[in-house]
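**Q** This is the structure I have questions about; it appears just below.
The values are calculated or read from the model by the stated rules, or taken from the named source; none is laboratory data. Keep in mind it's a predicted model, so treat the numbers as computed, not measured. Glycine gets a Cβ as well: all are built from the backbone with ideal geometry, and neighbour counts include every protein chain shown.
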Amino acid sequence: MFVHSACDSAPDAMLVPAGGGPPKDLHVPAWTVAWGPVRIAYADGTTNPTSLWTALPDGADRRRVAAVEGLPSPAWSTDGRLAYLAGTTVVVQGQKVPLPFAQIRDLTWSPDGTHLLVVARGTSDPSFDLYVVRTDGTAVVRLTRNVDASSADWR
């Protein structure tokens, strides 16, 4: 799955068969997408503020999750829980989890679903670094210092 963007149209989520072939347009206006165990999550940047939606992998059964400022960077846990950014707050399964950061760029789940890896900038830090935090916002551990990370993934 990827996002296709043309100069003359809004970006769309596209699905490519694993065996190759032409991509299928899901007709979902997505700025960013995340594939979950059962559904996809995507940010519709054609609305103001941005809306976070979920849908089946074929683009059907669309459900609006929330309106958020900026890009929500949706991420799915292996058991189907959805987390996303809402400003400097992370939302996990609809519950706001405030974190002690000035900005957050990206997030991803730990393989066991107990922690999040976030790309964030501390209140007195000049660059974005990697932090691990429990899904309830406790036990923040800084992993890097001044690397200016833009995204991360956890295996």
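**Q** Would you please name the residue that is farthest from GLN95 (Cα to Cα), looking only at residues in the stretch 106-130 that are within 16 Å of the chain's Cα centre (by Cα) and not aliphatic (A, V, I, L, M)?
**A** PRO111
**Q** Sticking with this one: Would you please name the residue that is farthest from the chain's Cα centre (by Cα), looking only at residues in the stretch 46-65 that are of a type in the set (Gly, Ala, Ser) and either crowded, with 19+ Cβ neighbours inside 10 Å or at positive phi (or both)?
**A** My answer is GLY59.
**Q** Take the stretch 106-144 and flag every residue that is surrounded by fewer than 15 Cβ atoms within 10 Å (Cβ to Cβ), under 17 Å from ARG155 (Cβ atoms) and of a type in the set (A, V, I, L, M, F, W, C).
**A** LEU143
**Q** Considering each of ASP61, ASP153 in turn, give the residue that is of a type in the set (Asp, Glu), under 26 Å from ALA13 (Cα atoms) and at pLDDT 95 or above.
**A** The conditions single out ASP61.
**Q** Residue by residue through the stretch 131-155, note down the ones that are over 14 Å from GLN103 (Cβ atoms), aliphatic (A, V, I, L, M) and under 17 Å from the mean Cα position of the chain (by Cα).
**A** VAL132, VAL133, ALA152
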